[in-house]
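Data block below; observations after.
The values are calculated or read from the model by the stated rules, or taken from the named source; none is laboratory data. Quick caveat, the model's predicted, so the values are computed rather than measured. Cβ placement follows ideal geometry from the backbone for every residue including glycine, while neighbour counts extend to all protein chains displayed. Accessible surface areas use protein heavy atoms only, side chains included; no ligands, DNA or RNA. Shrake-Rupley method; radii C 1.70, N 1.55, O 1.52, S 1.80 Å.
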Amino acid sequence: MRASKRQEQDSHTVPDPGVQCVAKLTGMRESAALLRAKGATTQAGFTSERIPARLFRHRPILMDDGPEHLEHRKRLVRFFSPRTLEVTHRAFIERAAADLVADAQREGRCRIDDLALIYSVRVASEIVGLNGGDTEALARRLEAFFRQPPVDHTRRDHGRTQRQWARAAKEALVPLMSFYWRDVRPAIRARRAQPADDIISHLLAHGYRPREILMECLTYGTAGMVTTREFMTMALWRLLRDPALCAEYLAADVTGRTELLSEMIRLEPPVAHLYRRVREQAAGCPHDPGTLVDIDVRAANLDPDVFGPEPATIERGRGLPAAERTGLSFGDGAHRCPGSHLALLETETLLTTLLEAGITLAREPDRGFDTLVQGYQLRGLEVSFTSTAAAP
């Protein structure tokens, strides 16, 4: 009898009080519907729920929700619209790519994740208004901010002990304050004296305080750096490993190359999971209030009902509108990445410049995973330049 009771007890799983109620979504349509359900969910990724709302009158756009968030996004759209990027920023983006690749050619070899880091931060800084200092130093300060203990978004404590949270705060504080004093504060002073057509000037005009501008700059700087940097490295790696795909890419025009990159980012999303907290049930959101929804972006982007019977292959266009070709790699709904056009533009520009300069794969990258961003990390991809293409 005792043995049978013990067996009966062992057959039942004891609930883990640290684990949240999680609904996992893997289909494209159900995931998009939830992300588009207005007012039904709030941001739950990037440890946003741990950041006290009282710190900000204007909550950072990455972590905010509701009418103010939508209004903020609406005002910022013009900085990232295809027309603005073409008319105002394309020449700068092309020049930045050409200058960095020319420097790499003179060296004869370069590490792509380092080059992509400097390039993506240089481009983001131009649009945000942080373009008054040393780009390489700024990039290293932003990179240091992400040296954090791992997190698990499905646990109430995010999988961190109190000691790890204290360590995370300590390790983030130094680069954050350095970022403020060396980059953000001088930019605020410069824009107060002479406003420009950039995001910092826009935020000042709408009454944002320095701490709020700091968080917005961190959001745009790191979003422009972290995810775009990883995708640039991934896409180039994929092209260098597939000669036929690389030849197709180089033979295509800008539109065709962008279509190929849209397929690549669909198959290799830089953010693999999106998290939302359910506030109330609504059309597209049938889950109970309080539920944490985990959207598996990689799985949704392989949904055969949307992307056809061979969703894991690269096929230009797929008969889908441009906004749908990338799946959920840029999110959807109120938190869809406003910089999606920018990410594809700067990636196409840098990769085309590198490939036309004549590069060969010199070292495969090491692949890791960033639990905070929920995305892959590629480090150590190296290319060498052919002697005929190398700069004098």
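A few points about this structure:
- Residue in region 312-330 that is in contact with a strand residue (DSSP E or B) (Cβ under 9 Å, 6 or more places away or on another chain) and either modelled with pLDDT under 95 or open to solvent by 20 Å² or more (accessible area, probe 1.4 Å) (or both) present: no
- Counted residues, region 240-267 - those being acidic (Asp, Glu), open to solvent by 10 Å² or more (accessible area, probe 1.4 Å) and under 20 Å from Pro311 (Cβ atoms): 3
- Of the helices (runs of 4 or more DSSP H) lying entirely inside region 69-158, those carrying at least 1 residues that are in contact with a His (Cβ under 8 Å, 6 or more places away or on another chain), at negative phi and open to solvent by 30 Å² or more (accessible area, probe 1.4 Å) are 112-128.
- Enumeration of residues in region 277-290 that are crowded, with 18+ Cβ neighbours inside 10 Å and out of contact with any Gly (no Cβ under 8 Å at 6 or more places or on another chain): Gly284, Cys285, His287
- Residue match in region 93-115 (condition: within 18 Å of the chain's Cα centre (by Cα), of a type in the set (Asp, Glu) and under 17 Å from Met232 (Cβ atoms)): yes
Conditions (1) in contact with a His (Cβ under 6 Å, 6 or more places away or on another chain); (2) within 14 Å of His158 (Cα to Cα); (3) at pLDDT 90 or above, marked per residue:
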site: Cys21; (1), (2), (3): no, yes, no
site: Ala32; (1), (2), (3): no, no, yes
site: Ala53; (1), (2), (3): no, no, no
site: Ile61; (1), (2), (3): yes, no, no
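- Options Asp152, Asp114; residue that is out of contact with any Lys or Arg (no Cβ under 7 Å at 6 or more places or on another chain), among the acidic types (Asp, Glu) and in contact (Cβ under 8 Å) with a residue 24 or more places away in the chain: Asp152
- Residue selected from region 253-274 under the condition under 23 Å from Gly45 (Cβ atoms) and among the β-branched types (Val, Ile, Thr), by the criterion modelled with the highest pLDDT: Ile265
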